[in-house]
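The values are calculated or read from the model by the stated rules, or taken from the named source; none is laboratory data. This one's a predicted model, so the numbers in the text were calculated from it and none came from an experiment. Every residue, glycine as well, gets a Cβ built from its backbone with ideal geometry; the counts of neighbours run over all protein chains shown.
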Amino acid sequence: MSRIALSLRLTGATVLRDGEMQKRSLVVERGRISKGPLPSVDLAGYLLMPGIIDMHGDAFERHIAPRASASFPIETGLRATDRDAAAHGVTTAWLAQSWSWEGGHRGPDYAETLLTKMDHYKPLAQTDLRIQIRCETHTVDTAAQLLAAVERHNIDYVVFNNHLDEALQLARLRPEEITLWAQKAGRTPEQHMRLVHDAQKQTPRVPRYLCNLAERFDQMGVRYGSHDDPDGDTRERFSMIGARICEFPTARPAAALAKAVGDHVLMGAPNVVRGGSQSGNVAAVELIEAGICDALVSDYYYPALAQAAFRLADEGILSLPRAWDMISTNPARIMGLADRGALDFGKRADLTIINAETRAIEGTIAGGRITHLVGEAAHRFCQSSDALPMAAE
C-alpha cells in the first residue's frame, strides 16, 4: 500500500522541544522532523508533544476477547488495538502476550498464532505495533519453541515472570479466585491446580533455562527483563543474568535494588491516575517521588498514559516535560530507539496533538502520517487546503 506522509508546518502551538515547553513552529516532512518553508496548519491553543511510546500493554486482549467466552478474530482485535492506541497519542506500542504453562490464550501455541497474525497486519498498521513476550519461568520444555519464535518473528523484548507462588497462595487463602482464573481458561479449578503443580516440578531446571535464554537473547539483540518482582533478592537474581528491565515491582525494595544497580524500572500509568495499585502493591507515585521509576506504561488502559503525565505535573511531582519523558523519551532510550522520543531535526515525526484547554488528544501523527484526528484540530487541518491533500493516505 502506498502511503503519503505529511509535508507541512505546524504553527502557533506550544511544543515540547529540548526539555522545555516552547512557542514555536514544527515542520514535518517525509516522515521526519525537518525545517524550511511549507504549507502551514494553525494549531494555536494546542500542545505538540513527542508521540507516546508504550512498553507494555494488555488492552489488546479485550479487543480480541471482550468476554472470556466471546472471542473474535485476532485480525479484528489488532485493528481495534491499533486505533485505540492512536486515539490516545501512542505511536509505538508493545503488546504483552503471555508464554505460559496456563495454555489457552496465554499458552505458547496461541502466542505463535498471534505473532503470525501480527506479521500479516504490520504492513497495514498505523501505530508501530510490536509484541513483547511475557515468558513464565516454569516453561522449561518450550525453550526451543520460544527461541525459534523470537527469531522468526523478530521479537525485540521479553520479560520473565512467575505466577506459581500467586496461584498456590490463592488456592490456600482465596480459592474462589482460582475458580475465576480457571473459568477464564475454560477449565475446572482442579484441572488448573494440576497444571500449577506440574509446572512447579520444573523448579530445579528453571535457573539453567533462564540463563540459557538470556545468553541467546544477548546474541540476538533482544532486550529482556522481569515482571512483578516481589523483593530485592528476586530483582538481583534477574539482573545478574542480564534482565535489566524491572517491570511492575510489587514492593519498593525491588525497585530500589534495580535503581542501585542501574536497571530500568517501569510502572503502570493507571497506578498513577487512580492514586495507587489496584492490586495493593507499591504506589507508582511513591517510586517516582523517590527517583526510582524511569517510565510509565499503559498496562491495561491507553488513556492513562497522557493522564498520568498531566497528573504528575498538576501535583508538582514533576514538570510537564519531565513527566512526558516518562511516556516517550525514557522508553525510547530504554529500548534503544534513537530515532524517536523527542521532537528534534531528523527524528521520526511522531507527535501527540493535545487541546491545551481540555487536554483531549485530538490528533496523532506516527512516522509523518496522521493516525488520529478529531475535533477542532481536524477542522484546522481541513481548513488548510494546501496541506490537506498531502496529509491523505
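Beta carbons closer than 6 Å, at least 6 apart along the sequence or on distinct chains, pair a first residue in segment 122-147 that is among the basic types (Lys, Arg) with a second that is modelled with pLDDT of 95 or more for Arg130/Trp94; Arg134/Ala96; Arg134/Ser98; Arg134/Val159. If we scan segment 95-116, do we find a residue that is over 20 Å from the mean Cα position of the chain (by Cα), at pLDDT 95 or above and hydrophobic (A, V, I, L, M, F, W, C)? No, segment 95-116 contains no residue that is over 20 Å from the mean Cα position of the chain (by Cα), at pLDDT 95 or above and hydrophobic (A, V, I, L, M, F, W, C).
Let's see how each residue does on (1) in contact with a Leu (Cβ under 6 Å, 6 or more places away or on another chain); (2) modelled with pLDDT under 95; (3) in the same structural domain as His56 (by TED's automatic domain parsing):
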site	(1), (2), (3)
Glu315	no, no, yes
Ala323	yes, no, yes
Ser328	no, no, yes
Ala349	no, no, no
Ala356	yes, no, no
Arg359	no, no, no
Ile365	yes, no, no
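Within segment 66-81, how many residues turn out to be surrounded by fewer than 17 Cβ atoms within 10 Å (Cβ to Cβ) and either part of a helix (DSSP H, G or I) or of a type outside the set (Lys, Arg) (or both)? Final tally of qualifying residues: 10.
Can you name the condition, by its number, that Arg235 falls short on among (1) under 24 Å from the mean Cα position of the chain (by Cα); (2) part of a loop (DSSP other than H, G, I, E, B); (3) basic (Lys, Arg)? All conditions pass for Arg235, except number (2). The residue list Arg223, Arg237, Arg252, Arg216 contains one member that is modelled with pLDDT of 95 or more and in contact with a strand residue (DSSP E or B) (Cβ under 8 Å, 6 or more places away or on another chain), which is Arg223. The condition of being within 20 Å of Leu115 (Cα to Cα) and either in a strand (DSSP E or B) or modelled with pLDDT of 85 or more (or both) holds for only one of Val158, Val206, that being Val158. Against the conditions (1) under 28 Å from Met326 (Cβ atoms); (2) hydroxyl-bearing (Ser, Thr, Tyr); (3) outside any strand (DSSP E or B), Thr113 satisfies every one except (1).
Conditions (1) surrounded by fewer than 19 Cβ atoms within 10 Å (Cβ to Cβ); (2) in contact with a strand residue (DSSP E or B) (Cβ under 7 Å, 6 or more places away or on another chain), marked per residue:
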{"site": "Ala143", "(1), (2)": "yes, no"}
{"site": "Asn154", "(1), (2)": "yes, no"}
{"site": "Val158", "(1), (2)": "no, yes"}
{"site": "His163", "(1), (2)": "no, yes"}
{"site": "Leu168", "(1), (2)": "yes, no"}
{"site": "Arg172", "(1), (2)": "yes, no"}
{"site": "Trp181", "(1), (2)": "no, no"}
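Considered as a group, the residues in segment 20-43 that are surrounded by fewer than 19 Cβ atoms within 10 Å (Cβ to Cβ), modelled with pLDDT of 90 or more and touching a helix residue (DSSP H, G or I) at 6+ places or on another chain (Cβ under 9 Å) include one that is farthest from Tyr110 (Cα to Cα), and that residue is Asp42. Of all residue pairs spaced 6 or more apart or on separate chains, those with beta-carbon atoms under 6 Å, a first member in segment 29-40 that is over 11 Å from Phe345 (Cβ atoms) and in the same structural domain as Arg17 (by TED's automatic domain parsing) and a second member that is of a type in the set (S, T, N, Q) and in a strand (DSSP E or B) are Leu38/Ser7; Ser40/Thr11. Would you confirm, using the coordinates I've provided, whether Lys122 is modelled with pLDDT of 95 or more, touching a helix residue (DSSP H, G or I) at 6+ places or on another chain (Cβ under 7 Å) and of a type outside the set (A, V, I, L, M)? It is false that Lys122 is modelled with pLDDT of 95 or more, touching a helix residue (DSSP H, G or I) at 6+ places or on another chain (Cβ under 7 Å) and of a type outside the set (A, V, I, L, M).
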